[in-house]
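The values are calculated or read from the model by the stated rules, or taken from the named source; none is laboratory data. Remember, predicted model here, so these are calculated numbers, not experimental data. Cβ sites come from the backbone with ideal geometry, for glycine too, and all protein chains shown count toward neighbours.
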Amino acid sequence: MPSNAPIRWRLRRSDPTIVAELARRAGVSHIAATVLANRGCTSSEEVKRLLMPSLHQLHDPLLLPDMPAAVARVLAAVRAKETILVHGDYDVDGVTGTTILVKVLEHMGAKVRWHIPDRHKDGYAFGPHSLEKAKETGATLVVSVDSGTSAHEWIEKLGAMGVDVVVTDHHEAKPGPLPRCVAVVNAKRADSTYPFRELCGGGVAFKLAWALAQARADGGKVDEAWRSLLVECIGYAAIATVCDVVPMRDENRLIAHYGLREIQAGRTPGMRALVDACNLPQGRVSSTTIGYQIGPRINAAGRLANARIAVELFLSKDMDEARRLAAQVDALNTARKDKERVVVDEAVAMAARWIDARHHPVLVLASEAWDPGVVGIVAGRIVGRMGRPAVVLGVKDGVAKGSARTIAGLSLMDVMSAGDGLYETWGGHHQAAGCTIKAERLDALRERLVARARELLRGEPPPPRVHEADCELPLSAYGELLLDELERFEPWGQDFQGPVFATRDLRLAEQPTIMGKDRKHFSVRLRSGDAVFKAKAFGLAERMGELTPGTPIHVLWRPDRNTFRGTTTIEMTIEDFAVGVDPLA
């Protein structure tokens, strides 16, 4: 079923005087200056910061709320040989953050254990499993990763067991008091004065690691062993930063920039084995390959099996063991894609019952046949196909567990809060959320969320999706020099998206060819005069029949490279296309 979400094309417009001046002062091409100006980078000083970032630009970790108390309690536990339990989560953010803290605590000589909830058995964040694991390990201090800000009940129960808790998290705090514990290290606290609130969970864990290193240095410089470990850890934090889709600005850019270098270096068996499992050529790891290849493999462990596999991969000190674990997450990712295809097709068919976007601006879709491990990905796919926020849930034994994703400009925190009183648990942030609810309450939830979304949208349907292009680019202007220049401004990500160009009036150089196991993608060669490039279109195979010889083709596309059997070529990745009528006219 094709998407029913209307799509518009629009060229971004930057002041041509600013673009020309930026190109002259910064020494970049007019095209690169246009891309940068479209992202608010309008001075040569800003370009310099992009091209020559420094770790000295990172904010002092002790400025995070409760960080001094967190550091003091961890140091006391290390000195007293207490057992510290690192309590992670089963997504990329939780896996990488857990890896960071376990490695740092082991470096400090701490008695450390770690725990990742089982997505299917335990659910998200804290729960009865947290109490069981603390008791089993004899922990007297629990340090959370990527969760805990809303876990009042379970943190209080841990306290009653004599277990202290340090929360490190990045999720929005609900109104009211914070959990009563040693520390809640979260830049999104209402009382936070930290200069940047958009760190991910792995980023907050990295900040705690850095603060502990500083404390061990006692006001001096950290030694080479600590420095080497922190550089390794910034690689894990970079994966979390990209995959959790936090804004790629301020500290997040720095973490991602330096983390990409560390990932490419592949200094640890786990990182090297994972990159190899993705078939990524040496030196070609980018924010895109993290988001589309590395991250999904890490997530697949938690979605289909247990995220412990991914943590064990990163903690592995043996290359043979690392390769075995990397092969395992790779196989799980393949299985995840197979499951996802089935659920997406079924969810799209189910959504046809609520086809009118004005009356049903939110989709709540549930089935007993759906694996809760893939519903988050499916929710994102439904948003892309239908142009509406979506809550997708798998039901088992009368309980529905699911994930929500949304469109630009409509906060899930605002929409999902309408279901307060119906959920067993729920939480998240503006773009993504999760919930557990009794299946018998799903109809009531749908009514409430739809009513709330209609109120927020003032009775109008969700706005059309807009595909923006940085500028028009003739195919003759594309090539190695331009791509090399644009790649200097990596990492791309949320709020600093990679460049998109519009090229009109192309023609087929050869007939398109179906790609992929699910036959949902295609490749094609496009030409304009003497310029010919291969292009790939992902998820657009159902429209392939629109392409006919001699008909004008207008394309929105991203510049890309493809390496196959040791040969790298310049290609185009199609975001959208139109045939005949010019959508920019």
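A few remarks follow.
- Selection within region 231-252 - within 25 Å of residue 46 (Cβ to Cβ), out of contact with any Cys (no Cβ under 6 Å at 6 or more places or on another chain) and not hydrophobic (A, V, I, L, M, F, W, C): 247, 249, 250, 251, 252
- Screening 156, 198 for residues that are farther than 18 Å from residue 88 by Cβ, touching a residue at least 40 places away in the same chain (Cβ under 8 Å) and out of contact with any Leu (no Cβ under 6 Å at 6 or more places or on another chain) leaves exactly one candidate, 198.
- Reported count of residues in region 255-274, each being among the aliphatic types (A, V, I, L, M) and surrounded by fewer than 22 Cβ atoms within 10 Å (Cβ to Cβ), is 1.
- Filtered by the rule that a residue be farther than 17 Å from residue 71 by Cα and out of contact with any strand residue (DSSP E or B) (no Cβ under 6 Å at 6 or more places or on another chain), region 136-145 gives a lone residue, 136.
Listed here are the residues, each with its yes/no results for (1) surrounded by 12 or more Cβ atoms within 10 Å (Cβ to Cβ); (2) polar (S, T, N, Q); (3) not in a helix (DSSP H, G or I).
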| position | (1), (2), (3) |
| --- | --- |
| 197 | yes, no, yes |
| 204 | yes, no, no |
| 207 | yes, no, no |
| 216 | yes, no, no |
| 228 | yes, yes, no |
| 232 | yes, no, no |
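- Scan region 240-285 for residues that are more than 26 Å from residue 323 (Cβ to Cβ) and assigned to a loop (DSSP other than H, G, I, E, B) and the total you get is 7.
- Qualifying residue in region 569-583 (condition: out of contact with any Gly (no Cβ under 8 Å at 6 or more places or on another chain), loosely packed, with under 14 Cβ neighbours inside 10 Å and closer than 20 Å to residue 293 by Cα): yes
- Elements of type strands (runs of 3 or more DSSP E) contained in region 1-117, each with 2 or more residues being among the basic types (Lys, Arg) and either assigned by TED's automatic domain parsing to the domain that holds residue 168 or touching a helix residue (DSSP H, G or I) at 6+ places or on another chain (Cβ under 8 Å) (or both): 111-115
- Cβ-Cβ under 6 Å pairs, at least 6 apart or on other chains, region 30-53 side closer than 14 Å to residue 496 by Cβ, far side surrounded by 15 or more Cβ atoms within 10 Å (Cβ to Cβ) and of a type in the set (Asp, Glu): 35/470; 38/470
- Any hit, region 302-318, residues being more than 30 Å from residue 446 (Cα to Cα) and aromatic (Phe, Trp, Tyr): yes
- Residues that are farther than 20 Å from residue 581 by Cα, among the charged types (D, E, K, R) and assigned to a strand (DSSP E or B), drawn from region 505-535: 510, 525, 534
- Looking only at residues in region 1-39 that are small (Gly, Ala, Ser) and under 30 Å from residue 350 (Cβ atoms), the one that is modelled with the highest pLDDT is 5.
- Among residues of region 492-504, those that are more than 24 Å from residue 568 (Cα to Cα) and assigned to a strand (DSSP E or B), counted: 2
- Residues located in region 199-225, provided they are closer than 18 Å to residue 314 by Cα and not small (Gly, Ala, Ser): 206
- Selected residue (only one of 486, 481, 449 is farther than 26 Å from residue 260 by Cβ and assigned to a helix (DSSP H, G or I)): 449
- Count of residues meeting criterion [aromatic (Phe, Trp, Tyr) and either more than 14 Å from residue 145 (Cα to Cα) or surrounded by 24 or more Cβ atoms within 10 Å (Cβ to Cβ) (or both)] in region 91-134: 1
- Residues that are over 26 Å from the mean Cα position of the chain (by Cα), modelled with pLDDT of 95 or more, under 26 Å from residue 310 (Cα atoms) and assigned to a loop (DSSP other than H, G, I, E, B) are absent from region 156-177 altogether.
- Filter result for residue 125 (at positive phi and either modelled with pLDDT under 95 or not assigned by TED's automatic domain parsing to the domain that holds residue 65 (or both)): yes
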